[in-house]
Amino acid sequence: MIKVDQIVIVEGKYDKIKLSSIIDGIIIETEGFGIFKDKEKQKLIRKLAEKKGVVILTDSDSAGFVIRNFITSIVPNEYITNVYIPDIFGKEKRKESCSKEGKLGVEGVPAEIIAEAFAKAGIGAEPSEEKSIKEITLNDFYDDKLTGSPDSKERRKNLLRQLDLPERMSTKAMLEMFNLFLTYDEYKKLVTSEAI
């Protein structure tokens, strides 16, 4: 597995599934053109870009470039690393026919070619290492009454609002984001404050 510290943005769930077997990192999908209207996801991507940087990996067809260009229009250039897959013609296994342009998307490109594309972009050259920092866990959420209590939902909403994150985040997504943005001590300080 290739360790990627930045947030990787792909078009859809099949791209995410493919990439999950190649990289060790956070992957966010745009849901295709859904990103154009999803203001919360746009805000999240900007916030993640400022904190960790983003890697954009879209299909090599025209739709992929429209999505890539949109993301580069909402995120400052200094936070972006572009990874490009080559034009490979063919059909994905799960599809009945080729795409409009006849090119394989991220999901259909062999893993070694994707790994080479990351290497060409200068990221993920070293294998992943185990984290030595203390992570926030679901048990912490339970202990801090963010789950399992009558007012857990409201406490989570208040905490998300305080961190300027979308209110509708699932508990799992919230846990992932907290481990990106906060140290364990910062998290503990937040959950013990009067604000939530």
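Compute the convex hull volume of the Cα atoms of the range 61-155, divide it by the residue count, and report the result per residue in Å³ as a whole number.
Output value, Cα hull per residue: 226 Å³.
Divide by every residue of the chain the summed helix terms, -39500 (n - 2.57) for each DSSP H run of at least 4, and state the resulting mean residue ellipticity at 222 nm, rounded to the nearest 500 deg cm²/dmol.
Result for the chain: -12000 deg cm²/dmol, rounded to the nearest 500.
Gap in Å between the Cα centre of the range 67-126 and the Cα centre of the range 1-51?
Answer, in whole Å: 12.
At ASP5 and SER170, where each label point lies 7 Å from the Cα along Cα→Cβ, what is the point-to-point distance in nanometres?
2.9 nm
Starting from the range 4-105, pick out the GluC sites (Glu not before Pro) whose DSSP state is loop and whose Cβ has at most 11 other Cβ atoms within 10 Å.
Those satisfying the criteria are GLU96.
Cα atoms only, the range 23-63: Rg and Dmax in Å?
Just the Cα atoms of the range 23-63 yield Rg and Dmax of 11.1, 29 Å.
Over the chain, with every protein chain in place, what whole percent of the accessible area is carbon and sulfur at 1.4 Å, could you tell me?
Here carbon and sulfur together make up 50 percent of the probe-accessible area.
If you keep only loop residues by DSSP, which trypsin sites (Lys or Arg not before Pro) in the range 35-81 have at most 12 other Cβ atoms within 10 Å of their Cβ?
Within the range 35-81, the qualifying trypsin sites (Lys or Arg not before Pro) (loop, at most 12 other Cβ atoms within 10 Å) are LYS37.
Taking the radius of gyration and the Kirkwood hydrodynamic radius from Cα positions alone, what is the Rg/Rh ratio for the chain, to two decimal places?
1.01
With a 1.4 Å probe and all protein chains left in place, how much accessible area per residue does the chain have, in Å²?
Value returned for the chain: 57 Å² of accessible area per residue.
Cα-based Rg (one decimal) and Dmax (whole number) for the range 1-50, in Å?
Both quantities, over Cα of the range 1-50: 11.2, 33 Å.
Please build a GNM for the chain, connecting alpha carbons under 10 Å apart, and tell me which residue among LEU57, LEU160, LEU48 fluctuates the most.
Among LEU57, LEU160, LEU48, the largest mean-square fluctuation in the Gaussian network model of the chain belongs to LEU160.
Trypsin sites (Lys or Arg not before Pro), restricted to the range 88-190: which are DSSP loop and have at most 14 other Cβ atoms within 10 Å?
Those satisfying the criteria are LYS91, LYS93, ARG94, LYS95, LYS100, LYS131, LYS134, ARG168.
The values are calculated or read from the model by the stated rules, or taken from the named source; none is laboratory data. Because the structure is a prediction, the values reported are computed rather than measured. So basically every Cβ, Gly included, is an ideal-geometry build from the backbone, and we count neighbours across all protein chains shown. Accessible surface areas use protein heavy atoms only, side chains included; no ligands, DNA or RNA. Shrake-Rupley method; radii C 1.70, N 1.55, O 1.52, S 1.80 Å.
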